[in-house]
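See below for the structure under consideration.
The values are calculated or read from the model by the stated rules, or taken from the named source; none is laboratory data. Since we're looking at a predicted model, the values are computed, not measured. Neighbour counts run over all protein chains shown; Cβ positions are idealised from the backbone, glycine included.
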Amino acid sequence: MPFQLLWQRLRYELRILGIINIGLPIIVAAIYLGFSYLAGSFALRNGGTDAYMRFQAGRGLLALLENGLPLAGGLIAAVVISQNPALELHLSLPARYQRVGALRLALIVGWAALFTGAVAALVAVTGFWLPQLKQLSVVESALMWLAPLLWFIAAGAALALLLRSRAVSGAVLGLIWIAMFIFKDQLIKDPILQNVYLFLTEEVGTPSYWLANRLIVLAIALALFVLAFWLLGRNEALLHDEA
Amino acid sequence: MLAYRQTQRQPSVTGDPRLASLSALGGAIRYEFWMQARRYALWIGFALLCLLFLRNIHGLLYTTAPYITSARDSLLLWASFLNEFFPLGAGLLLADRFTRDRKTRVDELLDTTPATLAARLLGKYVGAVLATLLPIFLIYALGVVLIMVRWGDVSVIPTALGAFAATTVVSVLFVGAFAIACTTVMWPILFQFLFVGYWFWGNFLNPREGIPTLNGTPLTSDARLIIAGFFPDPGALFDQSVTVGQAFGSLGALLGCAAIALLAAWVWLRWQAAHR
């Protein structure tokens, strides 16, 4: 019986998540796969070797893991955490909305991590894992995509609750994403900011500060999750000016 | 009697459909403008971005680059730098303007009013875009003031206004049209993701990478061809091979695509309303 209740609850939460939020990582993966295929095809057409083709395609797949799927996760978190048409009713019930919101966020994290992990495993098994990443252990390889993924999800949730607007929080996430490319040189050359650069593996590789960078990004993500959890417990942050 | 005299003094707008549409258009522009301008999240979002830019303003003002020799050079670089970023923010912030009517369930109510679909759609576009340009213009003006103080030259104000109109206004008109048009057929979250990816692909992807890109074509949406053509600079700040004709071509292409996007949205919405 408890399993049935859990299953019903999960089905209900998945319906709330919606088909587009569940499907967005799949759409993103399809887009990046298309670009990776193009990159590999052009490499072969320009006289490159099979190894070079795999390298070019592998760069696209690394981009999918480190910047594509994390952005998608962040946008999903920003939308889901701020949408609840029956919020006032829910806040009047004994079940704490903070716990419900946290479980919803955990569901997003779980789905995004599961999908990204599956894609990473597929990339490794099909031989498109970049040579410079083969020196990483299994845990480090997981940390490579998990750190930016959790960062974006946590930032999306915290921004949506702070700014009370999913569009603006999505905009800030998108601008942070682009800023990582535009301000790459400045961020990487700064001895402090290089430790919070989100797309380090894809843009730079595995420099000496790589592990410190991933752990600091993960720590920031956890701090943002704590902030989001705290904001979920404040009804004025949820009800806008109605509290 | 007084009410009769009042109707005699004020021409009835309901008699002429064109006047009614213009009146509806004006009303929609005003309403959408103030609705967007009053979103404090819009101002907070751009203020956060402004902090990022202020971090780089010192380098921009006191750069020792050989191609920055005057206030004009500094100003054009500022306009170009701003335009790599802020139209992206504008497009993302405009992504929920159309779907808001559906979310608040007033779209069908608005369909019953005398205001035509075209007037409402165009009013939404113009009003929301103008309001979104407001914080961008203020940040741009702040940079212009700092440049004028740094170089002690106030004669660059017309150039500043021209550069803003030629770059940021054109870019925001382009992305705003697609933000409103695309969200008539796709979820805003999907549009936001695709738009971020498009902004990188269309403006920053190196054409030599081998993947086809709009970067370097007249449809480069950060308006770099426009600024290079209209504001030639002997210091090689921009691509020297771009002509005024190419700049006009890029301007026409971007605004033309914006018009096509809005027209397509109007046709789609009309079809949808007729088959509801």
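When you look at B:I139, is it modelled with pLDDT under 95 and out of contact with any helix residue (DSSP H, G or I) (no Cβ under 7 Å at 6 or more places or on another chain), yes or no? No.
Identify, please: which residue in region B:189-206 is of a type in the set (S, T, N, Q) and crowded, with 19+ Cβ neighbours inside 10 Å and is, among those, nearest to the other protein chains (Cβ to nearest Cβ)? It comes out as B:Q192. Could you please let me know if B:P158 is surrounded by fewer than 20 Cβ atoms within 10 Å (Cβ to Cβ), in a helix (DSSP H, G or I) and without any contact (Cβ under 8 Å) to a residue 12 or more places away in the chain? Criteria met by B:P158.
Being more than 10 Å from chain B (Cβ to nearest Cβ) and over 26 Å from A:V204 (Cβ atoms) is true of A:L6.
Restricting to region A:17-54, give me the number of residues that are loosely packed, with under 13 Cβ neighbours inside 10 Å, more than 11 Å from every other protein chain (Cβ to nearest Cβ) and over 15 Å from B:F193 (Cβ atoms). Selection size over region A:17-54: 4. Taken as a whole, the condition of being surrounded by 12 or more Cβ atoms within 10 Å (Cβ to Cβ) and modelled with pLDDT of 95 or more applies to A:F115. Is at least one residue of region B:171-179 within 14 Å of chain A (Cβ to nearest Cβ) and surrounded by fewer than 22 Cβ atoms within 10 Å (Cβ to Cβ)? For region B:171-179, residues within 14 Å of chain A (Cβ to nearest Cβ) and surrounded by fewer than 22 Cβ atoms within 10 Å (Cβ to Cβ): absent. For residues in region B:207-241 being hydroxyl-bearing (S, T, Y), modelled with pLDDT of 85 or more and surrounded by fewer than 22 Cβ atoms within 10 Å (Cβ to Cβ), which is nearest to B:T168 (Cα to Cα)? Here the residue is B:T220.
Looking at A:A237, A:A142, which is the one that is surrounded by fewer than 20 Cβ atoms within 10 Å (Cβ to Cβ), modelled with pLDDT of 90 or more and part of a helix (DSSP H, G or I)?
Going through A:A237, A:A142 in turn, the sole match is A:A142.
Of these, A:G74, A:G58, which one is out of contact with any helix residue (DSSP H, G or I) (no Cβ under 6 Å at 6 or more places or on another chain), touching a residue at least 40 places away in the same chain (Cβ under 8 Å) and buried (at least 19 other Cβ atoms within 10 Å of the Cβ)?
The match here is A:G58.
If I go through region B:80-96 residue by residue, how many of them are crowded, with 24+ Cβ neighbours inside 10 Å and closer than 14 Å to B:F137 by Cα? Looking only at that region, the number is 5. Within region B:70-82, none of the residues are basic (K, R), within 21 Å of B:Q272 (Cα to Cα) and modelled with pLDDT of 85 or more. Looking only at residues in region B:13-36 that are buried (at least 17 other Cβ atoms within 10 Å of the Cβ) and among the small types (G, A, S), the one that is modelled with the highest pLDDT is B:A28.
Rundown of residues vs (1) of a type in the set (V, I, T); (2) surrounded by 15 or more Cβ atoms within 10 Å (Cβ to Cβ), yes/no style:
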{"residue": "A:E88", "(1), (2)": "no, no"}
{"residue": "A:L93", "(1), (2)": "no, no"}
{"residue": "A:G101", "(1), (2)": "no, yes"}
{"residue": "A:V119", "(1), (2)": "yes, yes"}
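Based on this model, can you work out whether B:R97 counts as basic (K, R) and more than 14 Å from every other protein chain (Cβ to nearest Cβ)? No: the conditions fail for B:R97.
Only helices (runs of 4 or more DSSP H) whose full extent lies in region A:159-215 are considered here, and the ones with at least 2 residues that are at the interface with chain B (Cβ under 9 Å from one of its Cβ atoms) and either closer than 15 Å to A:P148 by Cβ or in contact with a Cys (Cβ under 6 Å, 6 or more places away or on another chain) (or both) are A:166-182. Scanning region B:38-68 for residues that are among the small types (G, A, S), surrounded by fewer than 18 Cβ atoms within 10 Å (Cβ to Cβ) and at pLDDT 75 or above gives a single hit, B:A47. Of all residues in region B:102-147, those satisfying the criterion of being free of Cβ contacts under 8 Å to residues at least 60 places away in the same chain, in a helix (DSSP H, G or I) and away from chain A (no Cβ under 14 Å) are B:D107, B:E108, B:L109, B:L110, B:V129, B:L133, B:F137, B:L138, B:A141, B:V145.
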